[in-house]
Amino acid sequence: MRVTLDSIFKDHMVLQRQEPVEFFGTGEPDSQIKVTFAKKEQITEVDKDGIWKVTYDPFVAGGPYEIVVEDIASGEKIHRIDFMVGDVYVAAGQSNMEFLFENSFNAEAEKENADLKKFRYYKVPQVEYIKDGKEYPEIADEGWFVCNPQNVGKISGVAYYFAKEIMKHTDVTIGIVGCHKGGTSASCWVQEEYLKKTPILKKRYYDDYWGDIEGQTDEEEDEKREQYQQILAEYNQKVKDYQEKYPERSTSQLKHDVGHTPWPGPKGLKDYGRPCGLYETVFKKILGVRYKAVLWYQGEEDTKFADSYKDLLLNLIDNWRKDLKDSQLPFFVIQLPDYNDDKIPFGWAVLREQQRLAVCQSEETELVCALGCGEEFNIHPADKSELGRRLGLMVTEYFYDFSEEGHSPEIEKVCWEGAKYLLEFKNTYGKAFAAKKESINLDISYDGTKYETVEADIDGNRLIIESEKAVKAIRYDWENCPEVYVMGVNNLPVIPFQYVVEGKDLK
């Protein structure tokens, strides 16, 4: 066929309302292409590189519409149907965003409620590498589909519960593009220039990676990949044997007893975990389309370099906004939940704080607290309903219903009165905290390095610490797997923090 339409434009697609709509594809250079969408016709010419593109003015929510793309000279046509115009979100990140509804807690009971005719989903094919112009592995593009009890299992669990929540507040069609891959660092999802622009990121994620395998041949990489698959198969057999012997035990208990999945695999040109790899093979497949916002759930793979995650995330946000042609594209960042990672003491706590700081430094960026949504020994908690609800509440407040109270309380400032330090929070909506007890534990430091645990009193929507000595830093829930003590409205937990007390606060 001489003319093509880009693979993302398939039956049942959702286009972003109130934004220009671009259609594009390939054809014979210098040939003419006629595009008819929503009964509006445009004619364009294929450029010397074999690319054609047309742009339509923004549409309001509505549909269904059809599109016909025709090569005028040959008469060849492409026909797609049932396009809707509504709000389109990118659900991006690693395995917990990828985690399928069918594997989530209570899936069988919930799927009967999953007949959501105004919710459509598209999963970007997870191409790991390209060699000689061919994509590997060869993955069929399943296209867009309308959510119903028969196919809901193929949708991200977080994305499903998120869509279900926001659909309580809007009647426009919701589209979600799943752009994710389990086990991936944020460094996999950025362009090379963005990874190299910060020296520490360049060293840790780029130079060290390629330096470790300098001179490695294809044959050597293939041999390592085969050996890894054998190790993985042996582990999976152990898991199967354990589940047969102890069918009543949870995944969390299994991981504690059997150990975690062998990870990572061998480095190389075929490793999807290589720096900047999935940016080229997966993320680029969603370019040219406009979106309402990005839902970002990732960080587990970067806890080993937790102290530099802020810069990595900020670079990714800048990179994606540039490529998606929206300098103010909202990002909703899901903070890491509770998990007992004994390999990296405080790694998860540090990365959560780096996520918080990144959001503080980036406009149009919000933080979703996930504490209480994790499992102590299972890095893939099965219940995605609460996290999807929290994400939906925040997005609802941001876009659809400003009266919704969708933010978790977050530390704002520390004031000093006599021998008391008053911790004040934003996003309390003027309401008192709910807590498991009248006082909670906080960590305080007098020198900024060594910490000791003290009790803090709860006073409405403030916390109070009594100390005769000057406090330089305060931490709350500074553990990999902390207990949730204090909640704000809508049962949303206080965001964990490490706060440096500066002179400007003490007035």
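The values are calculated or read from the model by the stated rules, or taken from the named source; none is laboratory data. Just so we're clear, the structure is a prediction, and the values are computed from it rather than from any experiment. Note that we place each Cβ from the backbone using ideal geometry, even for glycine, and neighbour counts take in every protein chain shown.
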Output for Cβ contacts, cut-off 8 Å, separation at least six or different chains, first residue closer than 16 Å to residue 496 by Cβ in segment 324-345, second small (Gly, Ala, Ser) and part of a strand (DSSP E or B), reads 334/93
Checked 426, 431 against criteria (free of Cβ contacts under 8 Å to residues at least 60 places away in the same chain and touching a Gly at 6+ places or on another chain (Cβ under 9 Å)); the one match is 431
Picking from 287, 295, the residue that is within 30 Å of residue 58 (Cβ to Cβ) and without any contact (Cβ under 8 Å) to a residue 40 or more places away in the chain would be 287
Residues of segment 96-116 being touching a strand residue (DSSP E or B) at 6+ places or on another chain (Cβ under 9 Å), farther than 18 Å from residue 183 by Cα and assigned to a loop (DSSP other than H, G, I, E, B), in sequence order, are 114, 115
All-but-one check, residue 142 against (1) in a loop (DSSP other than H, G, I, E, B); (2) over 25 Å from residue 375 (Cβ atoms); (3) in contact (Cβ under 8 Å) with a residue 40 or more places away in the chain; (4) of a type outside the set (Gly, Ala, Ser), failing number (3)
Among residues of segment 261-288 being assigned to a loop (DSSP other than H, G, I, E, B) and among the charged types (D, E, K, R), the residue nearest to residue 313 (Cα to Cα) is 274
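Tell me the strands (runs of 3 or more DSSP E) entirely within segment 351-440 that contain at least 3 residues that are over 16 Å from the mean Cα position of the chain (by Cα).
On the way: elements: 365-368, 410-417, 420-426.
Counting at least 3 such residues, we get 410-417, 420-426.
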Counting only strands (runs of 3 or more DSSP E) entirely within segment 6-87, those with at least 2 residues that are closer than 25 Å to residue 141 by Cα and not assigned by TED's automatic domain parsing to the domain that holds residue 398 are 14-16, 21-26, 32-37, 51-56, 62-71
Being touching a Phe, Trp or Tyr at 6+ places or on another chain (Cβ under 8 Å), surrounded by fewer than 24 Cβ atoms within 10 Å (Cβ to Cβ) and not small (Gly, Ala, Ser) narrows 111, 181, 134 down to just 111
Within segment 301-347, restricting to residues that are hydrophobic (A, V, I, L, M, F, W, C) and assigned to a loop (DSSP other than H, G, I, E, B), the one that is surrounded by the most Cβ atoms within 10 Å (Cβ to Cβ) is 336
Among (1) within 22 Å of residue 389 (Cα to Cα); (2) in contact with a Leu (Cβ under 8 Å, 6 or more places away or on another chain); (3) modelled with pLDDT under 95, residue 416 falls short only on (1)
Across segment 456-484, the tally of residues that are surrounded by fewer than 21 Cβ atoms within 10 Å (Cβ to Cβ) and either under 26 Å from residue 375 (Cα atoms) or touching a residue at least 60 places away in the same chain (Cβ under 8 Å) (or both) stands at 7
Flagged pairs (Cβ under 7 angstrom, 6 or more apart or on separate chains; first in segment 5-29, in contact (Cβ under 8 Å) with a residue 12 or more places away in the chain; second among the acidic types (Asp, Glu) and in a loop (DSSP other than H, G, I, E, B)) are 7/141; 20/57; 24/6; 25/6; 29/47
Exercise for the section: For residue 466, state whether it is closer than 30 Å to residue 106 by Cα and acidic (Asp, Glu). Expected result: no
